Structure formats: structure tokens, C-alpha cells
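Have a look at the structure below, then the notes.
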Amino acid sequence: QVQLVESGGGLVQAGGSLRLSCAASGSITSINHMGWYRQAPGKQRELVAGITGGGSTNYADSVKGRFTISRDVAKNTVYLEMDSPKPEDTAVYYCYARKLVIITWGQGTQVTVSS
């Protein structure tokens, strides 16, 4: 099994910056995709950014140019750098890891962007 531990959420002012971390442990061999989803109150969970085992990245249109996903292979950790966040980025952010067809979720971390 894969375990994911997220950190770095909190309160940030619009235009500031925040970095989320997601550390993977356990049976991490063959994880082929990691990334972040988010869910705002009353809304569906949506993909924010993902990164493949080969390092390819993808982003939601709403965060392109502002958020950056990266990884530290040695630490089995994925990061989400949030630059110039907006109030509409306020949500619970969930890390995920996909191993073959199985997806593991983190516990979620709250990000609140104040205007």
C-alpha cells in the first residue's frame, strides 16, 4: 500500500505564495503518476496538476502560469508551488498517487486565500 502525507496548507494572502508537499511511503514502486486535486465547498473535486514518472506535467487551465508541480525523486515527494494565488483557489487540496490502476489519496490540506 501507498501512504501519502500532505503538508504546507494554511492561510495565504492573494498574490502571495504557498508550497504544498506530499510525501509518499510504503509500496511506492511503480507509482506512475502523482499530483493534486482540490475541492471547494459545494463544488466537485477537480484536477489541479499532475506529474508522471517521466516528469511530464499537466495543469488545469485555471492555474497555468501560477502553479508549478515538481518532484524530488530521492525524497519520494511531490510539491505544488502556488504563486499569486487567488481567493477562488481556496479549497481542500488532496494529493494523489496512481500505481497502475489504483489511486491513493492523501488526507487533504486546507488552503485559504484571503483577498
Worksheet, complete the sentence: The strands (runs of 3 or more DSSP E) lying entirely within segment 58-108 that contain at least 2 residues which are touching a Lys or Arg at 6+ places or on another chain (Cβ under 6 Å) are 77-83, 91-99
Worksheet item: Of all residues in segment 83-111, which are within 15 Å of Gly50 (Cβ to Cβ), among the aliphatic types (A, V, I, L, M) and crowded, with 20+ Cβ neighbours inside 10 Å?
Response: Ala97
Item to complete: May I ask you to list the residues in segment 49-77 that are free of Cβ contacts under 8 Å to residues at least 40 places away in the same chain and β-branched (Val, Ile, Thr)?
Response: Ile51, Thr52, Thr57, Val63, Thr68, Ile69, Val73
Discussion item. Looking at segment 26-46, I want the residues that are open to solvent by 70 Å² or more (accessible area, probe 1.4 Å) and have a partner that is among the aromatic types (Phe, Trp, Tyr) and not in a loop (DSSP other than H, G, I, E, B) with Cβ atoms under 8 Å, at least 6 apart or on another chain. Which pairs are those?
Written reply: Arg45/Tyr37; Arg45/Tyr94; Glu46/Tyr37
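Checking the condition modelled with pLDDT of 95 or more and small (Gly, Ala, Ser), which residue from Ser17, Ser27 passes? Steps first, answer last, please.
Working: Ser27 fails: modelled with pLDDT of 95 or more.
Going through Ser17, Ser27 in turn, just one is modelled with pLDDT of 95 or more and small (Gly, Ala, Ser): Ser17.
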Worksheet item: In this structure, is Val111 under 22 Å from Ser17 (Cα atoms), touching an Asp or Glu at 6+ places or on another chain (Cβ under 8 Å) and in a strand (DSSP E or B)?
Response: yes
Practice prompt. Determine which member of the set Leu4, Leu11, Leu80, Leu20 is open to solvent by 70 Å² or more (accessible area, probe 1.4 Å) and in contact (Cβ under 8 Å) with a residue 40 or more places away in the chain.
Written response: Leu11
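The values are calculated or read from the model by the stated rules, or taken from the named source; none is laboratory data. Just so we're clear, the structure is a prediction, and the values are computed from it rather than from any experiment. When we count neighbours, we look across all protein chains shown, and the Cβ atoms used for this are built from the backbone with ideal geometry, even at glycine. What goes into the accessible areas is simple: the full protein's heavy atoms, side chains included, and nothing from ligands, DNA or RNA. Shrake-Rupley method; radii C 1.70, N 1.55, O 1.52, S 1.80 Å.
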